[in-house]
6 protein chains.
Amino acid sequence: MKALHILNPNSSATVTDGIAEAVRPLDAAGIPIRCHSLPEGPPGIESQADADRVVAPLLALARRLEPEAAGFVVACFGDPGLHALRHETALPVTGIQEAAVLHALSLGQRFGVLSILAASVPRHLRSFGAMGVLDRLAADLPLNLGVAELADAGRTLARMEEVGAALRDTHGADVLILGCAGMARLRRPLEDRLGLPVVEPCQAGAALALSHILLTQSHKVLHAR
Amino acid sequence: MKALHILNPNSSATVTDGIAEAVRPLDAAGIPIRCHSLPEGPPGIESQADADRVVAPLLALARRLEPEAAGFVVACFGDPGLHALRHETALPVTGIQEAAVLHALSLGQRFGVLSILAASVPRHLRSFGAMGVLDRLAADLPLNLGVAELADAGRTLARMEEVGAALRDTHGADVLILGCAGMARLRRPLEDRLGLPVVEPCQAGAALALSHILLTQSHKVLHAR
Amino acid sequence: MKALHILNPNSSATVTDGIAEAVRPLDAAGIPIRCHSLPEGPPGIESQADADRVVAPLLALARRLEPEAAGFVVACFGDPGLHALRHETALPVTGIQEAAVLHALSLGQRFGVLSILAASVPRHLRSFGAMGVLDRLAADLPLNLGVAELADAGRTLARMEEVGAALRDTHGADVLILGCAGMARLRRPLEDRLGLPVVEPCQAGAALALSHILLTQSHKVLHAR
Amino acid sequence: MKALHILNPNSSATVTDGIAEAVRPLDAAGIPIRCHSLPEGPPGIESQADADRVVAPLLALARRLEPEAAGFVVACFGDPGLHALRHETALPVTGIQEAAVLHALSLGQRFGVLSILAASVPRHLRSFGAMGVLDRLAADLPLNLGVAELADAGRTLARMEEVGAALRDTHGADVLILGCAGMARLRRPLEDRLGLPVVEPCQAGAALALSHILLTQSHKVLHAR
Amino acid sequence: MKALHILNPNSSATVTDGIAEAVRPLDAAGIPIRCHSLPEGPPGIESQADADRVVAPLLALARRLEPEAAGFVVACFGDPGLHALRHETALPVTGIQEAAVLHALSLGQRFGVLSILAASVPRHLRSFGAMGVLDRLAADLPLNLGVAELADAGRTLARMEEVGAALRDTHGADVLILGCAGMARLRRPLEDRLGLPVVEPCQAGAALALSHILLTQSHKVLHAR
Amino acid sequence: MKALHILNPNSSATVTDGIAEAVRPLDAAGIPIRCHSLPEGPPGIESQADADRVVAPLLALARRLEPEAAGFVVACFGDPGLHALRHETALPVTGIQEAAVLHALSLGQRFGVLSILAASVPRHLRSFGAMGVLDRLAADLPLNLGVAELADAGRTLARMEEVGAALRDTHGADVLILGCAGMARLRRPLEDRLGLPVVEPCQAGAALALSHILLTQSHKVLHAR
């Protein structure tokens, strides 16, 4: 049976394991889910240059997996290679940033984003602008923690609570998005602490891809205009 | 086992049957899906007044079903009572208009909507404005067919192809949305004829609700700001 | 002589009396103004569900009054039933939220809204999005007072001054809107304390309706597109 | 008794007479209305340079009239000097372009504008952008008639019907605005021919000014932020 | 050889000298640059009325200079007369506000503006709305210093640093714009203190005009639509 | 003396020669300009995948050139690697798509884009959304010619005239942008035929880069927020 392949474009097995754990509740949908790291990727994607550089090996990985694939998820907030991969395959492809925003739009009126670094924010704003959803953005605030530092769950959660409370109380967010695949394990505790729905982007990306697969939703412009 | 309840707020069994058929591929997700007509509703919802009038009986129906429910879908394009029902229950609630737009945003850059009547268009524009997604709208064009007339599938499909081609060729749409639950059976044929992805809103609404249920996604602001 | 009928969709005579007092300066325009409570409505409309539920009896009341009516005002911030009533009558119909925003747009560059409850804010944001005026919104902040609590004018005004000052000083508002019909008596004192124009929505709604009546402004799409 | 002064910033008595006739139904509001041409103005304002040049004499005229004034209307589509005059007087000041748009927003979902010349369109688009209402604009199309040519009512009306039909049928407008004070007499006939509400901007500007006067609406930021 | 003429529409030689000094690095482009004060202008332009009043003499000055001109820069933040002058000449014309924003859009994702007075802010917001760039604005905050007070460079720079830090830290600006031609000498020191790119609008306006001149960029709609 | 390096990320010497010819008028600014093809690039960039794949070699090329560089231009409409390169160097970097839009915003109110292929349009729309300038876009229409086919100048110009006329007459564009570096030689003839300003993006990108270099405009966020 063909599987949904989740492609983590960094090389960190810890991040990939966290993703696999996060999407486990979706096994119920009956489609196998396989998670992959990208050996050619950096340990964490922390800049636009990092993001752009992983696209070529990511596309190559997807091409190798395609014969056994029902669909793909690009599992890095920033969605590197999302539109390129959509161009190269007829299978459903979702990006976790895009899917997280779409999920959030059904859970609250203004979404807040917890980014890892200040440098991520302009990159995210460009993506939200490209998606045309800036009117729904409350704010995007950095934790000021690198991908590696996220491994310290206690410190990370404390910082997430602080930033999440600012998004809620100062900026009017009524739903939050975790702005990095590396926080996948902390969705539930953060939700409990803040009393707001929190979207984990890998879950959103996988759920949206499964929906498209089950519905055999065509995902591609077949004819040029 | 608790079910996802899809609430068609009109009284037409034909429409409800079409919805049930459309969402059948989602049975694979393992959660029972039950579709209901609203006996107090009109045969078809064709105006804002129709939409507003069904909210009270719709909320009453949901309240009766809640003990056995895992979540709800409001299955009328226009999403009457969506936000009210979200206020009254802690379960996941989706609206088919909102969900269709969110699905479409992951399938193309500009969505076109096939509405039943010209009078539907301003109502839709208000909704898309409220969702903050007008920058992604190509156009919303009417079929000029009432809900009852949709029963003639041949004529309806011919008209949908004509309007869909205008959305694609004149207005630049690269994904289409069926703007009424009553066209559920015609998604696939339209997709084949136009070569564009076509979103059937009941499918999108049910798939999004199932995602929230599987992920036990909190869907509600628990604390006031 | 036919009258302008102002329909307060809650059942509170105190609120209706406040509205009547607020619109008294408009008697000069020579058209009788009649204010009505809605016996079937709740004492105060505090949620989307409350708002949706009053539409059916509101439409019924308007239908009874229509033979003696020159126009209607829907006098609840949130404008429940506004578009439905416009669909059902050829007479001018205004909503106090819509009219208040339109008045505010001619009085300052960024409007701030004083809402009663935090739960009102997402509802308002959806309306402002549907109106397409979010670029002019400074912020919408709650007083955290229910409709019943507004009766304590001293406490309410003190809280309004505090929230209004935040709208002006932190969010850059240069005109304010009272986000509930129940604050009608407090416009002038708030204006005096804050030194900003303050729009009372019932006044705006009635003034706009009178303008349309005097100008015999057609208010309705007569032919479908 | 103090009057509302309507300032036509061109020197054409014909245009001023048309304005006076258009606003006559507002006499019912009990406030005297006086219409003035600007002797220093050109016969018609057809460019941004024309518009900018009339501001200084317009402000001077308003200053002379202020002792006997209850408020002012700047009666040229384009609103030359509107914000300057608001800065210089504490009385209510409206502009006919701004007021026409605000009226239109309560009469339909998408407004279409009939401009006199193609060169007017970019100027209008800048204004609608400054007002933040572009999401509500259907289109702004030129009649390609200069101010002087508008005097031929038959030809003008025929051309208005043609352009208005394009705004309605091709661009989805459900309310129209006359984009020049010189078409004031033709609102009603155009409305009858097209079956859409048509806003005459001088009427809208005067009605809005009268509303502010009757409500003693403060119209000015009294304190700096 | 024809020159680029920079028109400072106030009468302050100090401001004009500051502009001349600021644009000196552009002499390298080989086109003579001449800076002019406007004797008929006020010492500083601090309101919309001030801005509107200078347009007529500004246009007259440009007409006198045109035979020896390769292009013009309107050197007052607010761009008084910009579109009028574009209408009256076939030569390239830039405005320093417009050009500063365009430069800033290539230097950061969200621009912050340092205005001289609180009353400038709504005027700027109207311009940014007319330009359609509000989604890129972080905030526009006043120094609360008049044009004359800017002469005290020490106090002005201290206040600029304070306001600039607020734009960066509270509002998320990653590029700043000096909102008045009178701060031209302080760009570099502010950039050094804040660690953000700072755009001096006269430099941006002159550089953009030189680009158009060198490229013989047609700048004008030659045919009506 | 350090040079401005223009990086054409495809491998076509013909395209690179066209760019060199287009930017020759900018030699007057006194800064040497060097144009480079990217040997690792495809003959033409016609998809998002093509664009993403050139980023890694493009960054490598820039790194090799940096010691002798005063700045860089990314010379492919779509701006592949623009933000990555800005992250990796402290020198000014412009992208020809971004710069073309910024130039166009100073030349007209609504810009039209001539794309090579229909598949380019959604990619462009995402970029314009990321830039926040969609309110200024008239339309983006394809020539339906691949990069290789552009070499037939006669056919290309005829098709450009046809599409440009549609942008002007049907969509209201008053300035046009050539949506591919491969049309550089055809700007002037198109401008002459259509009577509208036409922006050639390589010229705009180089001019903007030269402006930043001459002004030693810091182009980079030096401190994190």
**OP:** At 7 Å along the Cα-to-beta-carbon direction for both C:ALA153 and B:GLU149, put a label point, then send me their distance in nm to one decimal.
**Re:** 5.7 nm
Original post:
So who's got an amide H within less than 5 Å of the one on F:ALA138, skipping anything under 5 residues away but keeping other chains? H placed 1.01 Å off N, in plane.
Top reply: F:PHE111, F:GLY112
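For the range B:98-201, what does the relative contact order come out to in percent, with C-alpha contacts under 8 Å and a separation of six or more? Mind dumping the intermediate values first?
Values: 173 pairs, mean separation 36.7, N = 104.
Relative contact order of the range B:98-201: 35 percent.
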Subject >> Largest-first ordering by accessible area, 1.4 Å probe, given options E:LEU137, D:LEU85 >> reply: E:LEU137, D:LEU85
Original post:
Averaged per residue, what accessible area in Å² does the protein assembly as shown show with a 1.4 Å probe, protein chains only?
Top reply: 30 Å²
Original post:
Given that compact globular proteins tend to follow 2.2 N^0.38 Å, what is the ratio of the alpha-carbon Rg of chain C to that value?
Top reply: 0.95
Original post:
Angle between the Cα long axis of helix A:13-22 and the longest principal axis of chain A, 0 to 90 degrees, nearest 10?
Top reply: 90 degrees
Subject >> Position F:ARG34, label points 7 Å along Cα→Cβ, spacing to each other copy in nm (shortest first, one decimal) >> reply: 4.0, 4.6, 7.5, 7.5, 8.6
Subject >> Nearest-to-axis residue of chain A, judged by beta-carbon position, where the axis maps A onto D, in Å >> reply: A:ASP135, 5
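Per the helix-only calculation at 222 nm, which mean residue ellipticity applies to chain F, given -39500 (n - 2.57) for every DSSP H run of n ≥ 4 and division by its residues, nearest 500 deg cm²/dmol?
Values: 9 runs with 96 residues, N = 225.
Mean residue ellipticity, 222 nm, calculated: -13000 deg cm²/dmol.
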Original post:
Given H placed on each backbone N at 1.01 Å, which residues far from F:ILE6 in sequence or on other chains put an amide H within less than 5 Å of it?
Top reply: F:ARG34, F:CYS35, F:HIS36, F:VAL73
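Using 0.36 nm per residue of separation minus the Cα-Cα distance, give me the extension gain between C:ARG34 and C:ARG64 in nm, one decimal.
Values: separation 30, 0.36 × 30 = 10.80 nm, distance 1.38 nm.
Gain in length upon complete extension: 9.4 nm.
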Original post:
Cα centroid distance between the range A:124-161 and the range A:68-99, in Å?
Top reply: 21 Å
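Just the number, please: carbon plus sulfur as a percent of the accessible area of the protein assembly as shown, 1.4 Å probe, no ligands or DNA/RNA counted. Mind dumping the intermediate values first?
Numbers: 21310 of 40810 Å².
Result for the protein assembly as shown: 52 percent of the exposed heavy-atom area is carbon or sulfur.
For peptide B:122-128, what's the mean number of Cβ atoms from other chains within 10 Å of each residue's Cβ?
Details: counts 9, 4, 1, 8, 8, 3, 3.
Mean number of neighbouring Cβ atoms from other chains: 5.
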**OP:** Using only protein heavy atoms and a 1.4 angstrom probe, determine the accessible area buried between E and A, summed over both sides, in Å² to the nearest 100.
**Re:** 400 Å²
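For peptide B:29-35, compute the average count of partner chain beta-carbon atoms within 10 Å of each residue's beta-carbon. Walk me through the numbers before you get to the answer.
Details: counts 9, 4, 2, 0, 0, 0, 0.
Partner-chain Cβ atoms within 10 Å, mean over residues of B:29-35: 2.
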**OP:** Starting from the Cα gyration tensor of the protein assembly as shown, take the square roots of the eigenvalues, sort them a ≥ b ≥ c, and report rounded, prolate or oblate (rounded when a/c is under 1.5, otherwise prolate if a/b is larger than b/c, else oblate).
**Re:** rounded
**OP:** Could you pull out every one of the aspartates and glutamates with an alpha carbon less than 16 Å from that of E:LYS2, ignoring same-chain neighbours closer than 8 positions?
**Re:** E:ASP27, E:GLU66, E:GLU68
Original post:
What nm distances, shortest first, do you get from the label point of F:ALA165 to those in the other copies when the point sits 7 angstrom along Cα to Cβ?
Top reply: 2.5, 2.5, 6.1, 6.6, 6.7
Original post:
Among the DSSP beta bridges whose two residues both lie in the range A:98-201, what percent are antiparallel, rounded to the nearest 5?
Top reply: 0 percent
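Can you pull out the GluC sites (Glu not before Pro) in the range D:1-65 that DSSP calls coil and that have at most 15 other Cβ atoms within 10 Å? Write out the running numbers ahead of the final one.
Numbers: sites: D:GLU21, D:GLU40, D:GLU46; in loops: D:GLU40, D:GLU46.
Sites meeting the loop and neighbour criteria: D:GLU40.
Over all residues in E:90-97, what is the mean tally of Cβ atoms on other chains that come within 10 Å of each residue's Cβ?
Values: counts 0, 0, 3, 1, 2, 1, 0, 0.
Per residue, the average neighbour count from other chains is 1.
The values are calculated or read from the model by the stated rules, or taken from the named source; none is laboratory data. The structure presented is a predicted model; accordingly, all values stated were derived computationally and were not measured. So basically every Cβ, Gly included, is an ideal-geometry build from the backbone, and we count neighbours across all protein chains shown. Ligands, DNA and RNA are excluded from the accessible area calculation, which covers all protein heavy atoms including side chains. Shrake-Rupley method; radii C 1.70, N 1.55, O 1.52, S 1.80 Å.
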